[in-house]
Amino acid sequence: MSAPVVPSPEPGGLAGHLDGFVRAVRDAGIPVGISQAVDAAEILTVVDLLDREQLRHGLAAVLLQRAAQRPTYDVLFDLWWPLSDRPVAPAGEGGEDGEGGEPGESTLDLPGSDADLAELMRDQLLQLLMDGDEEALRRFARLAVERLGRGQPSPSGQSFFSYRVLRALSPDTLVSQLLAGLLAEGDRGGLAEQVARQTVRERLAALRAAIEAEVRRRTAAEKGRDKVAKNAVRPLADQVDFLRAQSSDLAELRRAVAPLARRLAVRLSARRRLGREGRLDFRKTVRASLGTGGVPVVTHHRPRKVHKPELVVLCDVSGSVAGFSHFTLMLTQALREHFTGVRAFAFVDSTDEVTRFFRPGADVADAVTRIGREADVVSFDGHSDYGNAFEVFADRWPAAIGPKTSLLVLGDGRTNYRPPGLPVVADMVRRSRSAHWLNPEPRRLWGSGDSAADRYGEVIDMVECRNAAQLAEFVTTL
Amino acid sequence: MARPPTQFPQFSSVGDVEKRLSEAGYLPDAQIATTVFLADRLGKPLLVEGPAGTGKTELAKALATATGAELIRLQCYEGLDEARALYEWNYKKQLLRIQASQGTDGADWDTVHDDIFGEEFLLSRPLLTAIRRTEPTVLLIDETDKADVEVEGLLLEVLSDFQVTIPELGTITATRRPMVVLTSNATRELSEALKRRCLYLALDYPSAEREREIVLSRVPDLAPGLAEQLVRIIRALRALELKKSPSISETLDWAQTLLELGLDTLDEAAVRSTLGVVLKHASDQDRAAAELRLN
């Protein structure tokens, strides 16, 4: 009993459309194999094609392999299977008529200045945000883009901009009114307000997402969806540059790095357990053989002595690599939870040990702020001075690096034209078991300007580590 | 790949999935219902991935209840091997058999050999059990990411052909394909090959509306207003980037706790005194108390 509308797949028809969609998904960096594309076609024969959400979830089930790919997929799906499947209108005003008749539209169909219109819509928005009905909010977003989002008409067609809508509605200024509406008298300041704020944040984010989706849809109708697909799709979380991560990416990134940190820890502990079978434990084997009539069916072995890896992490925490150091400190934290032999040092123009901030169970964000406040990492002017930092490290903790130690340096190697202290680094590398330097800058910039990365690269193994994907790659080769 | 023809689709439509899972006490959203429907219709294993406590295992249990099938569970852990997952020969019993036959002179090597590698001496583990069953079966392979990579290879073989080859007995093919649900907490990336054979379902924390419904269906005595308040606080907690965000089951525990304590509103004092039900790290509790201004 499959769906009633099963169109015969013909090239260029539904099958061709699906093919285009699969290609777009691939172009966005989501690997889709041939067998998955075939499965996707099979999905079309099983789901109810009139139900758009079924199609969305059905295709997602075969095309995606990680939760992080979902936002990208949703953007593309909305472009390929737009909400109202109206025929692509010829450029101009004529095509907009199909939108008419939506509930609430007529009440706003007032002649008047843009300011009046915006004011009217703001009132309506306030009410919608108060109610929190997502469907109504989406309808409102479509209307708002139609009314307020138009850019200057140009020969290439009508453009729509989300910033115009957001500027006209300025939803952020509604927060205090919303809070007043959601909270009873006397609830201010405490738990209730914090919870209400969170609710407001969620609803505003939903509004923004709806407006952006609608702008994309309209732009795609005007200018072709391939163009929109290229611009609108944000990079996957593990491809986001550490140095350019925006605050909205940060949470995503942290989620991408968290399992990575665990994997690194598991990898290292797996190493330790490798060769668990030590020498034969004769006594235990004989004891066990009594249960099988004296036949030693199962042999028992002594546990092997475990090699305890020691890891020293030297981390640049100056402002220029703040985004990067946050994630490396997170890695440090995860390692700390599994090994006692991890020591962490932070530096800007001086070095201090920060291991104490990473007690197992401690919060990383906390640790970062405490390093800024309590650790002695700045001695002069707060600009990176790698040479001095390395010298201080070698001076104060000469015993930190031994023949069993792996050394991990994290930083961009930008010395502000100060001496890089190469001999100190070379000596540290010589004394350690292995040494790596993770650099968040692209390889082509190494050695440009005040970067001493190329010179450091001669004495230590320097690895480009710009995003979570590259970090993962490094972890597997460690 | 030829599929054994003997799996009958259990659900007639997505709506049917929704209805029957709801009756089994699990409220699916559109994504879950659609994916379960497809897994049933296409006869593919369902890989459910998501943070701990989002109802992955619960889904498999509800599926078993909804289809009237028996749930067979393979709990994965590090060091899980074939002998624990598939089958094992009961060597102690085999030894006994050999020793017992030593007295009698009629037992030559061949008969003993045939004898000790028979059904009687085979210890069937979850995977083999699921394949051999003739009744409807839901096979739950729980926390697949905890198992070693070699186990994935084993699963690949079993899940693609639904057959197991035991050298001494021959190949055992499923007479009735079990419905397979794999769960993973994504602590490690499962292999591409395994993911390709499965339908992928990413479970996240539910929307506010759905979570409220879940709370009310599981803890029916709770006042709706309180459930609403509870869910909002839980969502505020999840937005805090804690070490361990509160899961659905913890939301339910909290609702139950409030009910037992007879609290009818969630103010600062009530939240502070019961926070231990949802947050189980000292640092998380401190953080929540500071951010939500509990003090």
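For this structure, a couple of remarks:
- Fewest-first ranking of A:Asp172, A:Asp349, A:Asp385, using other Cβ atoms within 10 Å as the exposure measure: A:Asp172, A:Asp349, A:Asp385
- At 0.692 mPa s and 37 °C, Stokes diffusion of the stretch B:111-267 via Kirkwood alpha-carbon radius, µm² per second: 168
- Prolate/oblate/rounded label for the stretch B:256-295 (Cα gyration tensor, a/c 1.5): oblate
- Radius, Kirkwood style, for the stretch B:114-173 when every pair of distinct Cα atoms is counted (Å): 13.0
- Based on the Stokes-Einstein relation at 37 °C and a viscosity of 0.692 mPa s, and on the Kirkwood radius from alpha carbon pairs, the stretch A:424-478 is assigned a translational diffusion coefficient of 274 µm²/s.
- Normalised by 2.2 N^0.38 Å, with N the number of residues, the alpha-carbon radius of gyration of the stretch B:192-255 equals 1.37.
- Exposure rule at most 16 other beta-carbon atoms within 10 Å, DSSP loop chymotrypsin sites (Phe, Trp or Tyr not before Pro): chain B longest free segment: B:118-295
- Averaging over all projection directions, the Cα-based convex hull of the stretch B:1-142 occupies 11.9 nm² in the image plane.
- Chain B - convex hull of the alpha-carbon atoms, volume per residue in Å³: 166
- Computed from the Cβ-Cβ distance with R0 of 45 Å, the FRET efficiency linking A:Tyr163 to B:Glu135 stands at 0.15.
- Measure of compaction for the stretch B:40-122 (Cα Rg per 2.2 N^0.38 Å): 1.78
- Translational diffusion coefficient (Stokes-Einstein; Kirkwood radius from C-alpha pairs) of the stretch B:31-82 at 25 °C, 0.890 mPa s, in µm²/s: 194
- Chain B, helix-only ellipticity at 222 nm - DSSP H runs n ≥ 4, -39,500 (n - 2.57), divided by all residues, nearest 500: -14000 deg cm²/dmol
- Considering the stretch A:317-470 at the alpha-carbon level, its Rg and Dmax are found to be 14.5, 40 Å.
- The stretch B:151-211 shape via C-alpha gyration tensor axes, a/c threshold 1.5: prolate
- Spin-label model distance (nm) - A:Arg208 vs A:Thr45, 7 Å beyond Cα toward Cβ: 4.4
- Cα pair count fraction exceeding 18 Å, expressed as % - the stretch A:355-425: 52
- Centroid-to-centroid, using Cα positions, the stretch A:122-174 and the stretch B:216-281 are 35 Å apart.
- Value of Rg/Rh across the stretch B:176-295 [Cα atoms, Kirkwood radius]: 1.07
- Placing a label point 7 Å from the Cα of B:Ser283 along the Cα-to-Cβ line, the residues of the stretch B:225-245 whose backbone N sits under 20 Å from it are B:237-245.
- Remark: the stretch A:396-413, residue by residue, has Karplus-estimated 3J(HN,Hα) of 7, 10, x, 8, 5, 9, x, x, 9, 8, 9, 10, 10, 9, 10, x, 8, x Hz, where x stands for each Gly or Pro and the curve is 6.51 cos²θ - 1.76 cosθ + 1.60 at θ = phi - 60°.
- Placing pseudo-labels 7 Å out from each Cα toward the beta carbon at B:Asp114 and A:Thr355 gives an inter-label distance of 6.8 nm.
Rule-based calculations on the coordinates, nothing more; no lab input. None of these values were measured; they are calculated from a predicted model. Reconstructed Cβ throughout: ideal geometry from the backbone, glycine too, with neighbour counts over all protein chains shown.
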